[in-house]
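Below is one structure, written out as structure tokens; comments come after it.
Derivation of every value follows stated rules applied to the coordinates shown; laboratory data play no part. The structure displayed is predicted, hence computed values, not measured ones. As a convention, Cβ positions derive from the backbone with ideal geometry for all residues, glycine included, and neighbour counts pool all protein chains shown.
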């Protein structure tokens, strides 16, 4: 991967990438007036986290399992000079860190143990979307500087309000009699659903939803995530469609070599097909959720479709999270590379570089 391509892959803020090194540099500029860093060990604070499909899952064990890659630069001062990339959770991960810090030192080992817990929280998500990252870290009582999220309080409040409104609509529909008799009890139930901390109460709710008790926390959190994705997709879906149209109609007339032009045309066709499938999957999953949600409010429909969706919510959460992060990454790289050109028509060399980057980002797994 060229330096320019590596820069495009690592530096663009998206729900697929969290550039801890860039945030660390910002915090250092604040001279002690910043909040806590995400990690306590220097190598991880100079790392870049990337969501990607784990290789063993690509062989068919669990096609929805998304892992967290950790890019550790050889030189933190020059990250684009290259580095080591390893999945958190791999057997080699601890030894890779041990090559950078002395884990025989009690303080270093304690700091790394803390960072492992932080990575476990992050690894439980299929995306690094700022809202979900903040929500998950707050639930785990991990305090970090808000620059890791890039999320205004107004935007946070808007998303929280959207999710809670959907929670309330469903609970009111499924517990209509109870809501009439005791609004306060239902409001308490909604708060427990939002907090996701009272396991006995969630197990009772799982019984009412006809869901397995042992998976209730994962299922209800996935539901929360799916609702967030409906909000995010409504806001960003149009940009994805504009990107697909650019890929479909990209002008290759400036490429003089006919054979090379044919190769680029094939690359564009492959990129377009991959992105069309990705966007179609996102649209279908979200449409299925919306249809199941709407069914509860039609006289001739019951809760069966919604309860069926909820039973498979975690698989939808994983697929939607990674798929939306992947599409967002593609769109952001494309916009950054083309914004300064009229009609987004790039010179030949820039177009070739961009298509190479987009092809790698759209692949089943980044290399």
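A few remarks follow.
- As a length-normalised measure over Cα pairs under 8 Å and 6 or more apart, the relative contact order of segment 157-362 settles at 24 percent.
- Stretched out straight at 0.36 nm per residue, the stretch from residue 203 to residue 287 would grow longer than its current Cα-Cα span by 27.5 nm.
- Residue with peak Gaussian network fluctuation, the chain [Cα springs, cutoff 10 Å], from 305, 240, 21: 305
- Segment 3-151, relative contact order in percent, only Cα pairs under 8 angstrom and at least six apart counted: 26
- Given R0 = 25 Å, the distance between the Cβ atoms of residue 187 and residue 138 translates into a calculated FRET efficiency of 0.75.
- On Cα atoms only, tilt of 153-174 relative to the major axis of the chain in degrees: 40
- Ranked 301, 69, criterion: other C-beta atoms within 10 Å, fewest first: 301, 69
- Cα gyration tensor category, rounded, prolate or oblate, for the chain with a/c compared to 1.5: oblate
- Folded to 0 to 90 degrees: helix 348-362 orientation relative to the chain principal axis, Cα: 40
- Cα shape, segment 112-242, gyration tensor, a/c 1.5 rule: oblate
- Ranked by the mean number of other Cβ atoms within 10 Å per residue, highest first, peptides 281-291, 254-264, 86-96 order as 281-291, 86-96, 254-264.
- The sum of -39500 (n - 2.57) across all DSSP H runs of n ≥ 4, divided by the residue count of the chain, sets its helix-only mean residue ellipticity at 222 nm to -21000 deg cm²/dmol.
- Once you reduce segment 12-56 and segment 339-353 to the center of their Cα atoms, the two points are 30 Å from each other.
- Highest-fluctuation residue, 126, 347, 146 considered, GNM on the chain with Cα pairs under 10 Å: 347
- Ordered by the count of other Cβ atoms within 10 Å of each Cβ, fewest first, 159, 142 give 142, 159.
- The angle between the Cα long axis of helix 258-295 and the main principal axis of the chain comes to about 10°, on a 0 to 90 degree scale.
- Segment 3-151: C-alpha gyration tensor shape, a/c 1.5 cut-off, then a/b vs b/c: rounded
- GNM top mover of 106, 303, 130 - the chain, alpha-carbon springs below 10 Å: 106
- Once Rg and the Kirkwood radius are both taken over the C-alpha atoms of segment 157-362, their ratio Rg/Rh works out to 1.13.
- Those residues of segment 347-367 whose amide nitrogen sits under 17 Å from the label point placed on residue 256, 7 Å along Cα→Cβ: 347-352
- Förster-model FRET efficiency, 22 Å R0, residue 84 and residue 364, C-beta, rounded to 0.05: 0.50
- Put simply, the C-alpha atoms of segment 172-281 give a gyration tensor, and the ellipsoid matching it has half-axes of 51, 15, 10 Å, longest first.
- Per-residue Cβ neighbour rank within 10 angstrom, fewest leading, 114, 33: 33, 114
- Mean separation of Cα contacts under 8 Å (6+ apart) over length of the chain, as relative contact order %: 20
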